[in-house]
Amino acid sequence: MLLAVDIGNTETTIGVFDGDQVVKEWRIATQRARTSDELALVINSFLRLDRISPQDDITGVAASSVVPHATQAMREMVPKYFGFEPVVVEPGIRTGMPIRIDNPKEVGADRICNAVAAFELYGGPAVVVDLGTATTFDAVSAEGEYLGGAIAPGLAISANALVAQTAMLKRVEFATPSRLIGKSTAEAIQSGVVGGYACLIEGMMERFRKELGGDSKSVLTGGLAEVMAPNLSGIDIVDPWLVLQGLRLIYELNTES
């Protein structure tokens, strides 16, 4: 079995693959100061709860991270607790996807994993929208090239900034508003945050499609994908665990005998 771990700024996504099928997946809060021993404790606890033996069942580990301290913790943890080196998505690793931007080293590992998985699973051209700490838009050509993208503040960042910078507004649930014209402050915030982000996503996808040309597919992923999906039109695929599939594909490419 393959253990796949994507460490984001806010959440860490963990999955276990049996062949090409993900059989378990979890999301946990990212703790930037977590040590390798603490990371092992958390991951092994999830595995054992589902009767997966870290030593007997896990035969490989693939990892991506945008948190340098957590990347180092993964590098230390895997050999110590699993007995082999992890495959870490970083500059120089084979991805099977040409990176057509000015400085390929700048692209976050999670964005590359998403792009690789979107093209392999759903084809191209494609626009991948990842709703995480940031909202990212990534373009993949019909030939399977990573063309670049856009980064916007995430839904939670925007909502938190709104509350932090105003005296009378409070946090609300990220739920679909019952009407666009809110009849209360809570409804008005939900409309502005959720409805406003839906307009942002749809508008960006439309513009990306014009630049890409052809019949571009849209793939929605990330921790808030299922929350936002009902508010969006023009989404072809909703795949909240897309990054894990990208990790699997890159792992297989780098471990082929």
*If the viscosity is 1.567 mPa s and the temperature 4 °C, what Stokes-Einstein diffusion coefficient in µm²/s follows for segment 13-74 when Rh is the Kirkwood radius over Cα pairs?*
104 µm²/s
*State the antiparallel share, in %, of DSSP beta bridges confined to segment 1-84, rounding to the nearest 5.*
70 percent
*Got a sec? Charge dipole of the chain, +1 on Cβ for Lys and Arg, -1 for Asp and Glu; which of Gly149, Ser53, Val194 is way out at the positive end?*
Val194
*Using θ = phi - 60° and the Karplus curve 6.51 cos²θ - 1.76 cosθ + 1.60, what whole-Hz ³J(HN,Hα) does each residue of segment 74-88 get, with Gly and Pro shown as x?*
5, 4, 7, 5, 4, x, 5, 10, 10, x, 8, 7, x, 8, 9
*Using Cα pairs under 8 angstrom and six or more residues apart, how large is the relative contact order of segment 1-46, in percent?*
28 percent
_Sites excluded, GluC sites (Glu not before Pro) in DSSP loops with at most 13 other C-beta within 10 Å, longest stretch of the chain_ = 1-142
*For the chain, with the dipole built from +1 on Lys and Arg beta-carbon atoms and -1 on Asp and Glu ones, taken about the Cα centre, which of Leu169, Ala134, Thr221 lies farthest toward the positive end?*
Leu169
_Restricting to Cα pairs below 8 Å that are 6+ residues apart, what does the relative contact order work out to for the chain? Please round to a whole percent._
19 percent
*Surface share of carbon and sulfur [accessible, 1.4 angstrom probe, percent] for the chain*: 51 percent
_How large is the Rg to Rh ratio of the chain when both quantities use alpha carbon positions and Rh follows Kirkwood?_
0.99
*Can you give the accessible area per residue of the chain, in Å², using a 1.4 Å probe?*
49 Å²
*Under 5 Å, built H, 5+ apart or other chain: amide partners of Gly148*: Ala139
_Looking at the chain only, what percent of DSSP beta bridges run antiparallel? Nearest 5 please._
65 percent
*Counting pairs on different chains as well as pairs 8 or more places apart, how many Lys pairs in the chain have Cα atoms under 30 Å apart?*
6
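The values are calculated or read from the model by the stated rules, or taken from the named source; none is laboratory data. Predicted model, so just to flag it, every value in this text is computed and none were measured. Positions of Cβ are generated from backbone atoms using ideal geometry, with glycine treated the same way; all protein chains shown enter the neighbour counts. Please note that ligands, DNA and RNA were not included when accessible areas were found on the heavy atoms of the full protein model with its side chains. Shrake-Rupley method; radii C 1.70, N 1.55, O 1.52, S 1.80 Å.
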